[in-house]
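I have placed the structure first, in the form of structure tokens, so that the comments after it can refer back to it.
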Amino acid sequence: MTSPELALVPPLGRLAPGAALREGWRAFCLAPWPFVGFTLLLNALVVVSSLLPVVGTLASLVITFWGAVGLYRGAWSALEGRRPDWRCFSRWDGAAVTRIFLAGLLIAALCLLVLLPTLLLGFGLWWIKEALVLLPALVAVLGLVLLSCSQQFLQPVLLFQETDPFVAMGRSHRVLIGQWQGLLELITLLFLLGLAGLLALGVGVFVAQPLVACVQIAAFRQLFGHQDRTGVMAA
């Protein structure tokens with residue numbers, strides 16, 4: 001007979017937001033203070049770096065990507081049942097940060113490819129009738145929403161599965177085909193967790209941010225498996 005614990009585990013390849021929330025919460029509770037402490041440091045560094053003249057924006061981006069790698073690495077370790085330590089969070093991985101940075105540039109370029117034709121078409125339609133501008137605007141919004149949803153796991157895929165941003169984007173899209181209901185439930189869940197953190201006098205964000213990372217990685221592992229193919233978790 002199947003044990004109650006195994007009955008709650010979704011089969012590999014099926015997104016189950018409820019199970020991801022439970023797994024993510026257990027992972028966060030394995031090391032709450034290290035998670036919160038690293039998140040506090042991360043946000044403090046981002047704020048300080050943004051005040052720097054000239055290089056402030058670039059420094060903030062690098063720190064943000066470094067922090068994302070650290071939180072995802074800590075979440076992965078906790079989901080494996082290992083309490084993440086400071087080195088797990090803070091260790092610099094230039095290759096991983098570069099992959100995430102390049103993926104961000106690629107997403108920005110795709111957004112421009114969606115927006116520029118829309119702006120040109122909207123400008124042309126405006127001369128015909130102003131109300132027609134809404135049509136390309138709606139198409140653009142729909143395109144951006146679909147792009148965002150299909151790449152919900154782009155950063156984890158780049159960290160743990162693929163090193164090529166183009167390959168990672170294609171794989172993320174293929175895996176999520178047919179998972180739209182679960183994906184929308186997951187996105188809504190992550191949004192509500194983040195919103196709850198903001199509403200808790202802003203202080204809750206230091207709990208919500210690592211918790212969201214844990215839930216997202218738990219959901220990622222449901223779809224993509226538990227193997228670290230790129231060696232991000234290697235000491």
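A short reminder: the numbers here are calculations on the coordinates, not readings from a lab. Since this is a predicted model, take the numbers as computed values, not measurements. Note that we place each Cβ from the backbone using ideal geometry, even for glycine, and neighbour counts take in every protein chain shown.
Residue by residue, segment 146-151 carries 3J(HN,Hα) couplings of 5, 5, 4, 5, 5, 10 Hz when phi is fed to the Karplus relation 6.51 cos²θ - 1.76 cosθ + 1.60 (θ = phi - 60°); x denotes Gly or Pro. Would you mind computing the Rg to Rh ratio of the chain from its alpha-carbon coordinates, Kirkwood style for Rh? That ratio equals 1.01. Working from label points 7 Å from Cα in the Cα-to-Cβ sense, the L40 to A196 distance is 2.2 nm. Each label was represented as a point 7 Å from its Cα along the Cα-to-Cβ direction; for L115 and T98 these points are 2.8 nm apart.
Taking only Cα atoms of segment 73-115, what ratio of Rg to Rh do you get with Rh as the Kirkwood inverse-distance radius? Could you put the intermediate results ahead of the total?
Values: Rg = 15.2 Å, Rh = 12.4 Å.
Value, to two decimals: 1.23.
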